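Enquirer: Input: one structure, supplied below.
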Amino acid sequence: MDKIRIIGGNRLTGKIQISGAKNAALPLMAASLLTEDTLKLSNVPYLADIVTMANLLAQHGTNISFSASAQEFGKNMSLSSQYINNFTAPYDLVRTMRASVLVLGALLARFGQAKVSLPGGCAIGTRPIDLHLKALELMGAHIELAEGYVHAHTHGRLKGSEINFEKISVGATENILMAASLAEGVTVLRNAAREPEVCDLAYCLQKMGAKIEGIGTDTIRITGVEKLHGCDYSVVPDRIEAGSFAAAAAITGGDVELIGARMEHMQAVAEKFTDAGVEMYETERGVRVIAKERIQCIDIITQPYPGFPTDMQAQMMALLCVADGASMITETIFENRYMHVPELTRMGAKIVVHGSSAMIRGEEELVGAEVMATDLRASLSLVIAALAARGETVIHRVYHLDRGYERLEEKLSACGARIERISERPTRPFSLTEAA
């Protein structure tokens, strides 16, 4: 199993190319099931989760081609779902990635049937799919849960409905957006998620011929059409990757330009960086981050977009471990998202957790240690801490990082970080399983 070794203390300076957003690319790939035409995606990140979704779609019958040159970012993917011959999303694929459940709405809308394993992913808390299932039932789907699978079918097309989500859910909003695009009549989603990744899916669906109003608001109106067509679409840059590298620059007192980052998608994060004494402003090519003084203590409450994202909580916690004073973070989205705290403590961090809140007392410096990644964003928090720590840090179980950060070591090394991957077994690049 691979591990990452970091020698801390180097200031990050230079430019980092921000990849396409994994959390936008995954639902866009699932949307290919909605049409028999070809969907061409560009700016696709080359990540383990992307390959998992590609393999899932391939076993449904989607024909996929993917430019995977090691010398380029923003790769192109072509997906053709003209001949779908399998409506089951099996456990062995779905268990590794929660986004796999997004094939449910698309399969049901176009083919009237789907059998999807209950999903997996990071162990950061309970994330049931009951909101997805209740909404699909309101649209006329017949759903049963048996032996770990969702069995769903319809008699004819799904029917438009008024859907009021009990709580904001990105996945449920995306699944129903896809299902409603081919439904009969009008579907109205209330308390819908507003994340840029949700908007990206809606804009792509519009380009495919869907009729969608209210994109970017909490009320989305979809008028179903009988058929969607293919299109060319570029995946939105990853705001979480941009925020993560901003934290890495800040903790090292660095000066880094994040090429491709969009400030309008990072307002809540940028406000907290500013409060902490970090300069962050828009440039012609992206966003520049400059840290000249010691980080100041701040308080953070995670909230659905446009609030502070839960996916940036761990990274900001690492940054605040070296802040001047005591900071407080309150996690309101997931109940089990402080698993990185014991690992940061091993590096000398002073963190006390009380229920959903964590108090961080900033230290002058952290110290390198052997630590273990517990989930995707927690992995990056350990990298950030290690960049500023005295001495050597070795991070184990870095397969989590491969799910969401494209060529991390290369990007950081180019800005002056002393970081390397150590492989404990022969490595091979990710590959798509050949479709039968």
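Enquirer: Within region 69-111, can you find the residues that are within 21 Å of the chain's Cα centre (by Cα), aliphatic (A, V, I, L, M) and part of a helix (DSSP H, G or I)?
Expert: Within region 69-111, Leu93, Val94, Ala99, Val101, Leu102, Val103, Leu104, Ala106 meet the criteria.
Enquirer: Are any of the residues in region 322-329 surrounded by 21 or more Cβ atoms within 10 Å (Cβ to Cβ) and among the β-branched types (Val, Ile, Thr)?
Expert: yes
Enquirer: Suppose the filter is more than 24 Å from Gly416 (Cα to Cα), surrounded by fewer than 19 Cβ atoms within 10 Å (Cβ to Cβ) and assigned by TED's automatic domain parsing to the domain that holds Ile298; does Val352 pass it?
Expert: yes
Enquirer: A further question on this structure: Between a residue in region 259-275 that is closer than 15 Å to Gln17 by Cα and assigned by TED's automatic domain parsing to the domain that holds Cys415 and any residue that is hydrophobic (A, V, I, L, M, F, W, C) and at pLDDT 95 or above, which pairs come within a Cβ distance under 7 Å, given they are 6 or more apart or on different chains?
Expert: Ile259/Ile16; Ile259/Ile18; Gly260/Ile18; Ala261/Ile18; Ala261/Ala242; Ala261/Val287; Met263/Ala270; Met263/Val287
Enquirer: Being at pLDDT below 95, in contact with an Asp or Glu (Cβ under 9 Å, 6 or more places away or on another chain) and either in a strand (DSSP E or B) or surrounded by 24 or more Cβ atoms within 10 Å (Cβ to Cβ) (or both) is the requirement here; does Ala385 meet it?
Expert: Taking the combined requirement at face value, the residue does not satisfy it.
Enquirer: Of the residues in region 127-142, how many are crowded, with 19+ Cβ neighbours inside 10 Å and not aliphatic (A, V, I, L, M)?
Expert: Summing the residues that are crowded, with 19+ Cβ neighbours inside 10 Å and not aliphatic (A, V, I, L, M) in region 127-142 gives 1.
Enquirer: Among the polar types (S, T, N, Q) and at pLDDT 95 or above: is that true of Thr126 in this structure?
Expert: Here the answer is no, as Thr126 does not meet what is asked.
Conditions tested, residue by residue: (1) modelled with pLDDT of 95 or more; (2) under 21 Å from Glu406 (Cβ atoms); (3) not assigned by TED's automatic domain parsing to the domain that holds Met97.
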residue: Leu26; (1), (2), (3): yes, yes, no
residue: Met29; (1), (2), (3): yes, yes, no
residue: Leu34; (1), (2), (3): yes, no, no
residue: Leu41; (1), (2), (3): yes, yes, no
residue: Asp49; (1), (2), (3): no, yes, no
residue: Leu56; (1), (2), (3): yes, yes, no
residue: Lys75; (1), (2), (3): no, yes, no
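Enquirer: Between a first residue in region 147-160 that is in the same structural domain as Ser117 (by TED's automatic domain parsing) and surrounded by 20 or more Cβ atoms within 10 Å (Cβ to Cβ) and a second residue that is assigned to a loop (DSSP other than H, G, I, E, B) and at pLDDT below 95, which pairs have beta carbons less than 9 Å apart while being 6 or more apart in sequence or on different chains?
Expert: Short answer, once both residue conditions are applied: Val150/Leu118; Val150/Ile129.
Enquirer: Then there's this: Consider region 398-423. How many of its residues are in a loop (DSSP other than H, G, I, E, B) and either closer than 16 Å to Met1 by Cβ or not hydroxyl-bearing (Ser, Thr, Tyr) (or both)?
Expert: Residues flagged as in a loop (DSSP other than H, G, I, E, B) and either closer than 16 Å to Met1 by Cβ or not hydroxyl-bearing (Ser, Thr, Tyr) (or both) within region 398-423 amount to 10.
Enquirer: From Ala114, Ala58, Ala24, grab the single residue that is in a helix (DSSP H, G or I), small (Gly, Ala, Ser) and buried (at least 22 other Cβ atoms within 10 Å of the Cβ).
Expert: Ala24
Enquirer: Does Arg194 satisfy being charged (D, E, K, R), surrounded by fewer than 24 Cβ atoms within 10 Å (Cβ to Cβ), touching a Pro at 6+ places or on another chain (Cβ under 7 Å) and modelled with pLDDT of 95 or more?
Expert: yes
Enquirer: Any chance region 94-109 includes a residue that's basic (Lys, Arg) and free of Cβ contacts under 8 Å to residues at least 40 places away in the same chain?
Expert: Checked region 94-109: at least one residue is basic (Lys, Arg) and free of Cβ contacts under 8 Å to residues at least 40 places away in the same chain.
Enquirer: Could you list, in sequence order, the residues of region 222-235 that are under 25 Å from the mean Cα position of the chain (by Cα) and either of a type in the set (D, E, K, R) or surrounded by fewer than 24 Cβ atoms within 10 Å (Cβ to Cβ) (or both)?
Expert: Matches in region 222-235: Gly230, Cys231, Asp232, Tyr233, Ser234.
The values are calculated or read from the model by the stated rules, or taken from the named source; none is laboratory data. Note that the structure is a prediction, hence the values are computed from the model and not measured. Note that we place each Cβ from the backbone using ideal geometry, even for glycine, and neighbour counts take in every protein chain shown.
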